[in-house]
Amino acid sequence: MTAVVTVTDLLAAAVDALGGTQRAGQVEMAQAVTEAFETGKHLAVQAGTGTGKSLAYLVPSIARAVSAGSPVVVSTATIALQRQLVDRDLPRLADALAPRLPRKPTFALLKGRGNYLCLNKIHNGAASEGDDLPQEELFDAVAATALGRDVQRLTAWASDTETGDRDELAPGVPDRSWSQVSVSARECIGVSRCPYSADCYSEKARAKAGTADIVVTNHALLAIDAIADASVLPEHEMLVVDEAHELADRVTGVATGELSATALGAAQRRIGRLVADELVERFEAAGANLAAMIHDAEPGRIDHLDDELATYLTALRDAAFVIRSAIDTTPSDPQAAAARTEAVTAVTEIGDIAARMLDSFGPAIPDRVDVVWLDHEENSRAAAGKRAVLRVAPLSVSGLLRTRLFARATAVLTSATLTLGGSFDGMAAAWGLSGGDQPDRWRGLDVGSPFDHAKSGILYVAKHLPPPGRDGTGSPAQLDEIEALITAAGGRTLGLFSSMRAAKATAEVMAERLSTPVLCQGQDTTAALVKQFADDEQTSLFGTLSLWQGVDVPGPTLSLVLIDRIPFPRPDDPLLTARQRAIGARGGNGFMAVAASHAALLLSQGAGRLLRRIDDRGVVAILDSRMATARYGGFLRASLPPFWATTDPERVRAALIRLRNG
């Protein structure tokens, strides 16, 4: 009789083969993932840095996929984690577990179609007509523009690459250049008509994913698969969402539509020789009227649909839909078919967004209430230095996730930061796991951390400082505090700021006051700056959001994480303020549910930069006295790791000096 191999046995074999150390939290998590797959009950599991959570979900996922003959989809928020899974973890796991399973497990990486080269577009010269460079010049061997040079390089690369995956191109190219050699799913002319379908990189990736045990993808494609009528991922009953704290925001991003002069102009150029002149003129006039209006209007949320905006949106919607019907997308010539499909896609998207904006002011659609707002973004190419963008986004994606994602597959959602104020409830509500008509079918599990936070780190709140001002820059007292802390640490500081303005202003002051180097985000690529920071213990690095979540620098190089203020969302953020109002209208506390939860998540992510391995030591310093004095301070502190806490600046400086001196 064949012995039963348990997930605990498989995990032990995997850890041994990979040369790691098995931890109690890792075993607990692997067993919980196995139970979730067996019972169909969703699992939210918080696993601190160093737990080994990737193995804790990959091992039971592989075991389940091989035994059931059904794939498990693993979704991540970042390219870095995708690469870790596909290039390092899964190949080694497949080899380690093969002797203990009926067969060797397989895996594949799947991204959206727009991430792969389009051979039809390259070989037919079907570059996007919406760009400034004439199509015939794009493929001219002597094209002198940066865009032309990029396209020439991408065309040559198409002959060398095996995957056509944009992320494997080094160095990369701007989005505008990549768009010349790629298509979205809606722009693709289809396998049956494409003369290059047999060699299509996207189709090859989909075919490989269709037979794999583990399919690694990203939150954006997961959202598209949930929202779209046609499936883009293989059929699956089990799902793992890593970096799950970003899921709701990524899905919101996919579900957000926007109208701008740039998008309208691009669509107009694409339809130009494909329909009658009067239709082009009708679309042009509708687009010009809307673009002029939003350029001159005040940015912010639009609560009321006035006659002018209604007229322009209606005209744009109707013109787009008429043109869509007028374009023949059935020509046999692949180049003509591609151009027409792209044109139809562009005007259809504009028409759909305009219609959605109009509908958002009408009766609410079940599980979908939209918010419309106007942004003015800085843009050196736009008139008066600004780019006006009219946006529409769902007030909440919880209903969409509940009905379109979690009703279809059993999900394991994991991250190092999932509890807000010490509870999973906030995240569960944002995901739609709770609050629906059906009884909740999920549980939360915190498997802890291998770190002894109270002995390894100090949480210092500068209670003596005045509350931060509205302008976002540091007060003289705060600047003095920053100087004293970095001096005590001997550099070795990651400064996390609520705005780029504050980061740059503080970096300029510190560069003059300190004898140790200070870098600031924007001076080079983030990756290059992080490398400089990691390579020199005396260097400090200041920056904003991507540093809050993306820096992994173990060792004494990072001994002080400095946070300038509680990272509440901007008070004029239209979507978040709309969510606060909606919760308040239902009798809830909108500030705590939205603003405080937003801040708690970022604080937890920022504080998580400090301890990256067992022997790390250091200080998280929050220079916002409201953490100690405001009523919501307790909620925010409960979201942070259990560091030893103090408000005494002298004790903290002494601790940093001891760390610096070894």
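Alpha-carbon geometry of region 506-564: the Rg and the Dmax are 10.8, 28 Å, given in that order. Partners of Lys41 within straight-line reach, counting lysines whose Cα lies under 23 Å from its Cα and excluding those fewer than 8 residues away in the same chain: Lys53. Principal semi-axes of the equivalent ellipsoid, √(5λ) from the alpha carbon gyration tensor of region 535-662, are 31, 16, 12 Å from largest down. Helix 7-17 and the long axis of the chain differ in direction by around 80°, with both axes built from C-alpha atoms.
The C-alpha atoms of the chain define a longest principal axis, and helix 277-296 lies at about 30 degrees to it.
With Cα atoms as the point set, the chain shows a radius of gyration and Dmax of 26.4, 79 Å.
What Kirkwood radius, in Å to one decimal, follows from the Cα pairs of region 218-258?
10.9 Å
Counting only protein chain heavy atoms and rolling a 1.4 Å probe, the accessible areas of Trp644, Trp373 rank, largest first, as Trp644, Trp373.
Just to confirm the filter: which trypsin sites (Lys or Arg not before Pro) across region 259-335 are DSSP coil and have at most 12 other Cβ within 10 angstrom of their Cβ? It would help to have the intermediate numbers written out before the result.
Details: sites: Arg269, Arg270, Arg273, Arg282, Arg301, Arg317, Arg324; in loops: Arg273.
In loop regions of region 259-335 (DSSP not H, G, I, E or B), the sparsely surrounded trypsin sites (Lys or Arg not before Pro) are Arg273.
Within region 421-490, the proportion of Cα pairs with more than 13 Å between them is 79 percent.
What net charge do the residues around Ala630 carry, taking every other residue with its C-beta under 13 Å from that of Ala630, with Lys and Arg at +1 and Asp and Glu at -1? Computed value for this residue: +4. Counting only protein heavy atoms and a 1.4 Å probe, region 555-600 has 39 square angstrom of accessible area per residue. With the whole protein complex present, Thr256 retains an accessible surface near 40 Å², based on a 1.4 Å probe. Here the Kirkwood formula, the inverse mean of 1/r across different C-alpha pairs, assigns region 162-279 a hydrodynamic radius of 17.4 Å.
Could I get the Rg over Rh figure for region 481-609? Both from C-alpha atoms, Rh via Kirkwood, rounded to two places. Rg divided by Rh gives 1.06. In this simple spin-label model, placing a label point 7 Å from the Cα along the Cα-to-Cβ direction at both Glu377 and Thr525 gives a separation of 2.1 nm. Lys455: which aspartates and glutamates have alpha carbons under 13 Å from its alpha carbon, excluding same-chain residues fewer than 8 sequence positions away? Of all the aspartates and glutamates, those that pass the test against Lys455 - Cα under 13 Å, at least 8 places apart if same chain - are Asp615, Asp616.
Taking only Cα atoms of region 251-365, what ratio of Rg to Rh do you get with Rh as the Kirkwood inverse-distance radius? Rounded to two decimals, Rg over Rh is 1.00.
Of the accessible area of the chain, computed with a 1.4 Å probe over protein heavy atoms only, carbon and sulfur atoms account for 50 percent. Once the C-beta distance of Ser332 and Glu258 is scaled by a Förster radius of 30 Å, the resulting FRET efficiency is 0.30 to the nearest 0.05.
Ligands, DNA and RNA are left out, and with a 1.4 angstrom probe the accessible area of region 468-522 is 42 Å² per residue.
Within the same chain, lysines fewer than 8 places from Lys208 are excluded, and of the rest, those with a Cα less than 16 Å from its Cα are Lys104, Lys111. Output the 0 to 90 degree angle, nearest 10, between the alpha-carbon long axis of helix 261-271 and the longest principal axis computed from the alpha carbons of the chain. So the helix axis and the longest Cα principal axis differ by about 40 degrees.
The values are calculated or read from the model by the stated rules, or taken from the named source; none is laboratory data. Source: prediction; values computed, not measured. Neighbour counts are summed over all protein chains in view; Cβ atoms, including those assigned to glycine, are modelled from backbone coordinates with ideal geometry. SASA here: full protein model, heavy atoms, side chains in, ligands and nucleic acids out. Shrake-Rupley method; radii C 1.70, N 1.55, O 1.52, S 1.80 Å.
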